[in-house]
Amino acid sequence: LTVSNSCSTAILNSCIKNKSNYCASLVALYIMDQFDSESYWNRSSSRGFSFDDDEDVQGVTAVGSNVNANNILNDYDTISEASFDNSATGSALNLSIQSVISEDALKMLIQEQTLDDRIMSKGVAPEEELRLLRRQIQTTFYNPSPEATAYKMLLGKCASLEVFKSMYEKEQLLDAVLKCGGGDAVISVLLFLKKTLNHRNFLKILEQRPQALQIYIGYLQQRQCQEAVEVLQHFGKHQEASLIQFKSAMTCNNLQQRKQKLLQLLDQYSGDMGVVSVYLPHFESALKLLELIEKESNSLDNLVDINSTPIEVLYQCCRKHSNWKEQDLTRATSPFRLTADLHISPAQFEWTALNERANAQAYADLESVFERVPAWLPLKQKQFHISFSLELAVLRLYALKAPTSVLYMFLSKMSNTKEKLELAKRVKCVRAVVDALAGMKDSNQLTQLKDSLPERSEEQFYCEKALKALQTKRWTTDNIKLKL
């Protein structure tokens, strides 16, 4: 197949008319290359008029008027197939189209042209309407390749999927779309397969293609949760199915309906259904929280509702709790019982209680909050225990404007002297600064600190006492060394 130089302009116009940007660009590059040739400008495709040329003109007219009716199905304009180059130079410049575009690219281009949009707007010209009707007839007799259809869908253009009739062709189409990585295109093909295949074959196709299954499940989760659960259960993915059901239950705004869905969920997965055991306690905790809100909402001053989180409910329980010295597990609103029922971590419980007691200015209860009896020795007295950073607790209390004595209680629990000194300076706790300097045996800084404190203040007396104790201890140590 060859293309003459004078015919290339007609091909370019045809490509532009049919919106074939890729082919048009290649032909345009070819024409520009010919423009650079000197022989192009020294020749002419037109000849002067002569009576001797009547036979030639009639011959050309005959050729031009000899249009086969069957060519109406071809996706080429008749004018683009005729060559008006009668010069010898033009015949010498014939160029193979394979040197401009590969055979595979040309085949893909032709297939893309056959998949043009079928929508006809009002007031369309007869020639354009004829072209669209011709391509509809072409689609009827010609099945495009799955790759061309997938490419068309990824470009956001309309593509007819009904031409893929056999199961093999439909699988090839799905594989082509998955290879291109199109999300919406994959969903469109999957919905087409679901509509045209029986349920067993459709599930078989999903089982063989995990990527398609994942995309389909994501689509169903947004629209049809029950069908998503059924598909996951069919493939033995009970964990994912239970989480979807749990999410659906927690999004229900009616208390009784949410409670009913949680009960059904627990009944369904209470047996051995392959669900990881860590999920079931969370389902049970959600049900217990819902029952607590239903029964104790009035006792908590109606400050909790169906959408309250476990930490928010715990905060209100801490607010209503009065006796922190006893870890009461009998009352439903006891923060200790709620922590055990909902599997709240010790760090979450302590942090919530610290914030609530500090906001309520009930600082005396903080020591009881952080007291624990050692599990390995129950008969031993309670000991101070904190599940998160002491520095974080001190900074939070300082931000809530807790008294210096409360800050000192937490700072005194720090074992690292340098960190204790830096943190004590940040929160302006003089007693903790003195203890840290005394622990570092830095008498010079203790002296400077004593001189900077107000005269006859409590902090100054405490600093002098620490300085004297440090000097006495040093003298005793030196005396022992002399005796030895």
Take the conditions assigned to a helix (DSSP H, G or I), touching a residue at least 40 places away in the same chain (Cβ under 8 Å) and more than 21 Å from residue 152 (Cβ to Cβ) and apply them to residue 246. Does it pass? yes
In the stretch 297-331, how many are over 22 Å from residue 366 (Cα atoms) and of a type outside the set (Ser, Thr, Tyr)? 8
Please state which one of 284, 291 is more than 31 Å from the chain's Cα centre (by Cα), part of a helix (DSSP H, G or I) and under 21 Å from residue 250 (Cβ atoms). 291
Can residue 339 be described as β-branched (Val, Ile, Thr), in contact with a Lys or Arg (Cβ under 7 Å, 6 or more places away or on another chain) and crowded, with 16+ Cβ neighbours inside 10 Å? no
Among the residues of the stretch 196-215, count how many are over 16 Å from residue 184 (Cα atoms) and in contact with a helix residue (DSSP H, G or I) (Cβ under 9 Å, 6 or more places away or on another chain). 10
Number of the exception - residue 253 against (1) modelled with pLDDT of 90 or more; (2) of a type in the set (S, T, N, Q); (3) surrounded by fewer than 18 Cβ atoms within 10 Å (Cβ to Cβ); (4) assigned to a helix (DSSP H, G or I): (4)
Could you say whether any residue in the stretch 317-324 is in a loop (DSSP other than H, G, I, E, B) and either under 28 Å from residue 252 (Cβ atoms) or among the aliphatic types (A, V, I, L, M) (or both)? no
Counted residues in the stretch 224-243 being without any contact (Cβ under 8 Å) to a residue 24 or more places away in the chain and under 18 Å from the mean Cα position of the chain (by Cα) come to 1
All-but-one check, residue 165 against (1) modelled with pLDDT of 85 or more; (2) among the charged types (D, E, K, R); (3) surrounded by 13 or more Cβ atoms within 10 Å (Cβ to Cβ); (4) not in a helix (DSSP H, G or I), failing number (3)
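Conditions tested, residue by residue: (1) in contact with an Asp or Glu (Cβ under 8 Å, 6 or more places away or on another chain); (2) of a type in the set (Ser, Thr, Tyr); (3) more than 29 Å from residue 246 (Cα to Cα); (4) surrounded by fewer than 16 Cβ atoms within 10 Å (Cβ to Cβ).
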site: 152; (1), (2), (3), (4): yes, no, yes, no
site: 172; (1), (2), (3), (4): no, no, yes, no
site: 198; (1), (2), (3), (4): no, no, yes, yes
site: 210; (1), (2), (3), (4): no, no, no, yes
site: 221; (1), (2), (3), (4): no, no, no, no
site: 227; (1), (2), (3), (4): no, no, no, yes
Which is aliphatic (A, V, I, L, M), in a loop (DSSP other than H, G, I, E, B), within 18 Å of residue 370 (Cα to Cα) and without any contact (Cβ under 8 Å) to a residue 40 or more places away in the chain, of 329, 300? 329
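The values are calculated or read from the model by the stated rules, or taken from the named source; none is laboratory data. On a predicted model such as this, the values are computed, not experimentally measured, just so you know. Glycine gets a Cβ as well: all are built from the backbone with ideal geometry, and neighbour counts include every protein chain shown.
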